[in-house]
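Enquirer: Questions regarding the structure given below will be posed in turn.
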Amino acid sequence: MPDRRPAGEATRRAVLGEAHVNKSQGNATDFDQGFVDLITESAWGTVWASDAIPKRERSMITLALLAGLGNFEEFELHLRATVNTGASNEDIREVLHHVAIYAGVPRANHAFKLARQIYAELEGNNV
């Protein structure tokens, strides 16, 4: 079985950014280190590292799933990551329209609220 950790580490840093990954790793404890390893190897080293779907589209799929399932803390993290994946504000607006139709208006409404806040924050920081 191939070691997916190096690819996972590199992909995670490319998508989420050095600062986030450094902070996340610095907060890991003996209790949750196995979970960090699992996510790095499976989510980042297998799914996100695959070239089958470009990062922009993978980012859009991820945001739709997170919003549709109501995982808004992760939604915020991945919305900020669109700076690195290439998904535009317009792309995300269309994604959230799909969320409204297929997962529910309340979920999309909350995701739009978060997106407005995050985009205002990013624009204020000239990102």
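The values are calculated or read from the model by the stated rules, or taken from the named source; none is laboratory data. Bear in mind that the values here come from a model prediction, so they are computed numbers and not experimental data. Reconstructed Cβ throughout: ideal geometry from the backbone, glycine too, with neighbour counts over all protein chains shown. The protein model used for the area step is the full one, side chains on, heavy atoms only, and it has no ligands, DNA or RNA in it. Shrake-Rupley method; radii C 1.70, N 1.55, O 1.52, S 1.80 Å.
Enquirer: What is the spread of the Cα atoms of the chain along each of their three principal axes, largest first, in whole Å?
Expert: 41, 31, 27
Enquirer: Before I look further, what does the chain give for accessible area per residue, probe 1.4 Å, in whole square angstrom?
Expert: Here the residues of the chain average 60 Å² of exposed surface.
Enquirer: Around residue 66, under 13 Å between beta carbons, what's the net of Lys plus Arg minus Asp minus Glu among the other residues?
Expert: Numbers: positive: 58, 80, 107; negative: 73, 74, 76.
Neighbour charge sum, excluding residue 66 itself: 0.
Enquirer: Provide the per-residue ³J(HN,Hα) series for segment 96-106, in order, calculated from phi with Karplus coefficients 6.51, -1.76, 1.60 and θ = phi - 60°, each as a whole number of Hz, with x at glycine and proline positions.
Expert: Whole-Hz 3J(HN,Hα) from phi for segment 96-106: 6, 5, 4, 4, 4, 6, 9, 10, x, 4, x.
Enquirer: Moving on to the next point. What is the magnitude of the charge dipole of the chain about its Cα centre, with +1 placed on the Cβ of each Lys and Arg, -1 on the Cβ of each Asp and Glu, and no other charges, expressed in debye to the nearest 20? Let's see the in-between values first.
Expert: Details: 13 positive and 17 negative charges, 54 e Å.
The calculation lands at about 260 debye.
Enquirer: Of 102, 7, 47, which is farthest along the charge dipole of the chain in the positive direction, counting Lys and Arg as +1 and Asp and Glu as -1 at C-beta?
Expert: Sorting the options by dipole projection puts first 102.
Enquirer: Expected output is a single nm value to one decimal: the length gained when fully extending between residue 37 and residue 120, i.e. 0.36 nm times separation in residues minus the C-alpha distance. What is it?
Expert: So the chain would gain 26.6 nm between residue 37 and residue 120.
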